[in-house]
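> Structure below; questions to follow.
The values are calculated or read from the model by the stated rules, or taken from the named source; none is laboratory data. Only a predicted model underlies this, so the values are computations on that prediction, with no experimental measurement involved. Every residue, glycine among them, receives a Cβ derived from its backbone with ideal geometry; neighbour counts consider all protein chains shown. These accessible areas exclude ligands, DNA and RNA; they are computed on the full protein's heavy atoms, side chains included. Shrake-Rupley method; radii C 1.70, N 1.55, O 1.52, S 1.80 Å.
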Amino acid sequence: MADELRSVALLETMQQLHPLLIDLSLDRIQRLLAAMDHPERRLPPVLHVAGTNGKGSTVAFARAMLEAAGKRVHVYTSPHLVRFHERIVLATGPGASAPIDEAQLVDILERTLSFNGGASITFFEITTAAALLAFAETPADVVLLEVGLGGRCDTTNVVASPAVSVITPVAMDHADKLGDTLGKIAAEKAGILRRGTPAVIAPQSPQAREVIEETAAKVGAPLIKAKIDFDSFEQAGRLVYQTPTALRDLPLPALHGRHQIVNAGVAIAALEALGEANPALIVDEEAVETGLRNVRWPARLEWLQTGALRRLLDDEDEVWLDGGHNPAAGKALARAVAEMEERAPKALVMVVGMMAQKDVRQFLSPFVGLAARIITVPVPSSTGADTASDPLAVARVALDLGLDAVASPDVRAALKHVRFMEPDPVRVLICGSLYLAGAVLSANAAPEA
């Protein structure tokens with residue numbers, strides 16, 4: 001308990017070191033890392049993943065496959081859903097890993113704060129530095145490093161020589177920070193590319209693909225491109241992974257949605273490139289299959305089958321949770337739910353909470369004609385999120401699209417509303433924000449709700 005209280009206090013202290021939650025720059029963290037004797041230079045081979053959608057899922061696939069092959073894997077992702085510790089996953093042995101424990105977290109946070117000496121630095125920068133310190137000091141075979149925002153000026157881009165770079169699908173998001181066109185956003189993502197480092201590129205829009213290819217040519221990064229050098233698709237209830245010289249017949253991934261087949265293919269291609277550069281990290285066919293079956297990534301079209309919130313609905317109802325929050329994620333979610341509807345028809349009720357500056361209209365548009373009802377909710381402020389959208393404002397956008405919409409004070413009230421208003425079994429999709437998803441997972445795990 002003492003360590004837990006201490007880690008909370010340290011994280012709160014770190015949040016006060018810079019006035020902005022996001023301030024893209026490498027200057028502050030490079031200064032700090034120099035004071036720490038450059039832990040970013042003392043890492044195992046790094047697989048660096050940027051993109052708009054699918055970064056976390058691609059990392060989850062890679063982790064599951066590498067661990068199925070008995071590799072020791074460190075993982076860095078953000079944001080966390082329930083506890084900060086989720087961001088820093090450390091290898092605990094061959095094929096095993098776990099979120100950093102309290103004592104080690106307190107130790108690295110205290111040392112990182114000491115090295116920083118009270119200088120201005122963002123929360124993400126100083127906690128990333130702490131993660132790099134933990135990774136450098138804990139034995140592992142590989143580090144899976146997810147970009148926080150953008151790429152070129154993202155804090156994780158201090159790793160000068162990753163073994164493999166990955167760019168998942170680029171879409172419109174964070175336009176206020178990354179640029180107001182796909183080309184500008186793609187240029188930021190492509191900032192992680194390095195001379196001589198192979199880069200696996202997921203399917204992209206023509207505009208994004210052109211920018212990524214131009215950047216790769218300038219820096220001398222060899223590209224491994226989806227639909228050309230590799231492809232993944234569903235066929236006869238299986239995942240087919242294909243290259244110009246080989247074809248793999250694999251099980252469908254445990255993560256739901258057609259977009260996860262794309263993410264799985266990108267992860268396989270990345271691990272193939274990683275194995276070519278580092279033979280000790282080759283992942284065999286059995287490990288790929290095991291990883292596909294065992295992969296877990298919470299709040300990515302996750303089916304909530306038990307829990308305190310789930311018990312507010314009838315047994316015949318379904319509850320799905322997803323942290324998707326931008327237009328591309330809305331399209332992917334709508335496709336996935338439409339496929340569920342074809343297999344097992346049920347009225348779709350969406351519980352939606354979104355952050356400010358997100359494109360609510362474009363996120364909800366794919367659900368026109370698909371969702372029977374929209375219930376908007378606030379994103380709890382206790383999640384540490386930026387300013388949330390007013391549920392009434394989100395509901396007005398839904399109504400303007402022709403969707404049946406109503407605002408609710410919270411998710412618990414929304415689910416009670418569902419059960420009161422819908423006499424037949426329904427399919428509930430809670431979505432719109434990773435912060436909301438984290439709050440839902442926390443509430444669902446509580447003894448009472």
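> Please go through (1) of a type in the set (A, V, I, L, M); (2) under 24 Å from the mean Cα position of the chain (by Cα); (3) open to solvent by 40 Å² or more (accessible area, probe 1.4 Å) for residue 421 and return the number of the only condition it doesn't satisfy.
If we test residue 421 against (1) of a type in the set (A, V, I, L, M); (2) under 24 Å from the mean Cα position of the chain (by Cα); (3) open to solvent by 40 Å² or more (accessible area, probe 1.4 Å), just (2) comes out false.
> Only one of (1) within 30 Å of residue 4 (Cβ to Cβ); (2) over 15 Å from the mean Cα position of the chain (by Cα); (3) surrounded by fewer than 19 Cβ atoms within 10 Å (Cβ to Cβ) fails for residue 41. Which number is that?
Of the numbered conditions (1) within 30 Å of residue 4 (Cβ to Cβ); (2) over 15 Å from the mean Cα position of the chain (by Cα); (3) surrounded by fewer than 19 Cβ atoms within 10 Å (Cβ to Cβ), the odd one out for residue 41 is (1).
> Report yes if some residue within the range 102-125 is among the aliphatic types (A, V, I, L, M), out of contact with any strand residue (DSSP E or B) (no Cβ under 8 Å at 6 or more places or on another chain), under 25 Å from residue 278 (Cβ atoms) and open to solvent by less than 40 Å² (accessible area, probe 1.4 Å); otherwise report no.
No, there is no match, as no residue in the range 102-125 is among the aliphatic types (A, V, I, L, M), out of contact with any strand residue (DSSP E or B) (no Cβ under 8 Å at 6 or more places or on another chain), under 25 Å from residue 278 (Cβ atoms) and open to solvent by less than 40 Å² (accessible area, probe 1.4 Å).
Rundown of residues vs (1) of a type in the set (Val, Ile, Thr); (2) within 28 Å of residue 327 (Cα to Cα), yes/no style:
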{"position": "19", "(1), (2)": "no, no"}
{"position": "47", "(1), (2)": "no, yes"}
{"position": "74", "(1), (2)": "no, no"}
{"position": "87", "(1), (2)": "no, yes"}
{"position": "92", "(1), (2)": "yes, no"}
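> Hey, residue 347 hits all of (1) in contact with a Ser or Thr (Cβ under 6 Å, 6 or more places away or on another chain); (2) farther than 13 Å from residue 436 by Cβ but one; which does it fall short on?
Of everything listed in (1) in contact with a Ser or Thr (Cβ under 6 Å, 6 or more places away or on another chain); (2) farther than 13 Å from residue 436 by Cβ, residue 347 misses just condition (1).
> Now for a separate question. Which count do you get for residues in the range 164-195 that are within 18 Å of residue 77 (Cβ to Cβ) and modelled with pLDDT under 95?
Step one: filter the range 164-195 for residues within 18 Å of residue 77 (Cβ to Cβ), giving 164-169, 173-174, 189, 192.
Filter once more, keeping what is modelled with pLDDT under 95: 173-174.
Counting residues in the range 164-195 that are within 18 Å of residue 77 (Cβ to Cβ) and modelled with pLDDT under 95 gives 2.
> Now for a different question. Residue check, residue 161 against (1) open to solvent by 40 Å² or more (accessible area, probe 1.4 Å); (2) modelled with pLDDT of 95 or more; (3) not basic (Lys, Arg); (4) not in a loop (DSSP other than H, G, I, E, B), all met but one. Which one?
(4)
> Okay, next question. Answer yes or no as to whether residue 406 is touching a Ser or Thr at 6+ places or on another chain (Cβ under 8 Å), β-branched (Val, Ile, Thr) and open to solvent by 30 Å² or more (accessible area, probe 1.4 Å).
yes
> Would you mind stating whether residue 287 is within 28 Å of residue 196 (Cα to Cα) and at pLDDT 95 or above? Even if it seems obvious, please write down each step before you answer.
Details: within 28 Å of residue 196 (Cα to Cα): yes; at pLDDT 95 or above: yes.
Criteria met by residue 287.
> Being in contact with a Gly (Cβ under 8 Å, 6 or more places away or on another chain) and under 20 Å from residue 111 (Cα atoms) is the filter here; which residues of the range 16-36 pass it? Quick ask: steps written out before the conclusion?
Keep residues of the range 16-36 that are in contact with a Gly (Cβ under 8 Å, 6 or more places away or on another chain), which gives 17, 24, 35.
Hits for the range 16-36 are 17, 35.
> Does the range 188-223 hold any residues that are touching a helix residue (DSSP H, G or I) at 6+ places or on another chain (Cβ under 6 Å), open to solvent by 40 Å² or more (accessible area, probe 1.4 Å) and within 27 Å of residue 359 (Cβ to Cβ), and which are they?
207
> When you scan the range 333-364, how many residues do you find that are open to solvent by 10 Å² or more (accessible area, probe 1.4 Å), touching an Asp or Glu at 6+ places or on another chain (Cβ under 7 Å) and either of a type in the set (Val, Ile, Thr) or over 30 Å from residue 176 (Cβ atoms) (or both)?
Of the residues in the range 333-364, 2 are open to solvent by 10 Å² or more (accessible area, probe 1.4 Å), touching an Asp or Glu at 6+ places or on another chain (Cβ under 7 Å) and either of a type in the set (Val, Ile, Thr) or over 30 Å from residue 176 (Cβ atoms) (or both).
> Can you name every residue in the range 424-440 that is crowded, with 19+ Cβ neighbours inside 10 Å and not in a strand (DSSP E or B)?
Residues satisfying the conditions are 432, 433, 434, 435, 436, 437, 438, 439, 440.
> Right, here's the next one. Could you tell me whether residue 89 is aliphatic (A, V, I, L, M), touching a residue at least 40 places away in the same chain (Cβ under 8 Å), surrounded by 17 or more Cβ atoms within 10 Å (Cβ to Cβ) and within 22 Å of residue 125 (Cα to Cα)?
On the way: aliphatic (A, V, I, L, M): yes; touching a residue at least 40 places away in the same chain (Cβ under 8 Å): no; surrounded by 17 or more Cβ atoms within 10 Å (Cβ to Cβ): yes; within 22 Å of residue 125 (Cα to Cα): yes.
It is false that residue 89 is aliphatic (A, V, I, L, M), touching a residue at least 40 places away in the same chain (Cβ under 8 Å), surrounded by 17 or more Cβ atoms within 10 Å (Cβ to Cβ) and within 22 Å of residue 125 (Cα to Cα).
> Considering only residues that are more than 21 Å from residue 355 (Cα to Cα) and of a type in the set (Ser, Thr, Tyr), which ones fall in the range 394-449?
None - no residue of the range 394-449 is more than 21 Å from residue 355 (Cα to Cα) and of a type in the set (Ser, Thr, Tyr), so the list stays empty.
> Something else about it: Which condition number in (1) touching a Pro at 6+ places or on another chain (Cβ under 8 Å); (2) over 26 Å from residue 325 (Cβ atoms); (3) surrounded by fewer than 19 Cβ atoms within 10 Å (Cβ to Cβ) is the one that residue 239 fails?
Residue 239 satisfies all of (1) touching a Pro at 6+ places or on another chain (Cβ under 8 Å); (2) over 26 Å from residue 325 (Cβ atoms); (3) surrounded by fewer than 19 Cβ atoms within 10 Å (Cβ to Cβ) except (3).
> Now a separate question. Pick from 144, 149: which is in contact with a Leu (Cβ under 6 Å, 6 or more places away or on another chain), open to solvent by less than 30 Å² (accessible area, probe 1.4 Å) and in contact (Cβ under 8 Å) with a residue 40 or more places away in the chain?
Numbers: 149 fails: in contact with a Leu (Cβ under 6 Å, 6 or more places away or on another chain).
After ruling out the rest, the residue left standing is 144.
> Could you tell me which of the residues 287, 273 is in contact with a Pro (Cβ under 6 Å, 6 or more places away or on another chain), of a type in the set (Gly, Ala, Ser) and farther than 30 Å from residue 414 by Cα? Walk me through it before giving the result.
Numbers: 287 fails: in contact with a Pro (Cβ under 6 Å, 6 or more places away or on another chain).
On inspection, the qualifying residue turns out to be 273.
> Now for a separate question. Please determine whether any residue of the range 257-271 is more than 14 Å from residue 49 (Cβ to Cβ), open to solvent by 10 Å² or more (accessible area, probe 1.4 Å), in contact with a Lys or Arg (Cβ under 9 Å, 6 or more places away or on another chain) and not in a helix (DSSP H, G or I).
Among the residues of the range 257-271, at least one is more than 14 Å from residue 49 (Cβ to Cβ), open to solvent by 10 Å² or more (accessible area, probe 1.4 Å), in contact with a Lys or Arg (Cβ under 9 Å, 6 or more places away or on another chain) and not in a helix (DSSP H, G or I), which makes the answer yes.
> Now, a different point. Taking only the range 304-315 into account, find how many residues are surrounded by fewer than 18 Cβ atoms within 10 Å (Cβ to Cβ) and assigned to a loop (DSSP other than H, G, I, E, B).
Taking the range 304-315 and keeping what is surrounded by fewer than 18 Cβ atoms within 10 Å (Cβ to Cβ), we get 305-308, 311, 314-315.
Then keep just the ones that are assigned to a loop (DSSP other than H, G, I, E, B); that gives 305-308, 314-315.
Qualifying residue count for the region: 6.
> State the number of residues belonging to the range 278-303 that are in a helix (DSSP H, G or I) and open to solvent by 60 Å² or more (accessible area, probe 1.4 Å). Give the derivation first.
Filtering the range 278-303 for residues in a helix (DSSP H, G or I) gives 279-281, 285-294.
When the remaining residues are screened for being open to solvent by 60 Å² or more (accessible area, probe 1.4 Å), the result is 279-280, 285-286, 293-294.
Qualifying residue count, the range 278-303: 6.
> Search the range 233-246 for residues that are more than 17 Å from residue 293 (Cβ to Cβ) and pair each with any residue that is outside any strand (DSSP E or B) and open to solvent by less than 50 Å² (accessible area, probe 1.4 Å) when their beta-carbon atoms are under 6 Å apart and the residues are at least 6 apart or on different chains.
So the pair list comes out empty.
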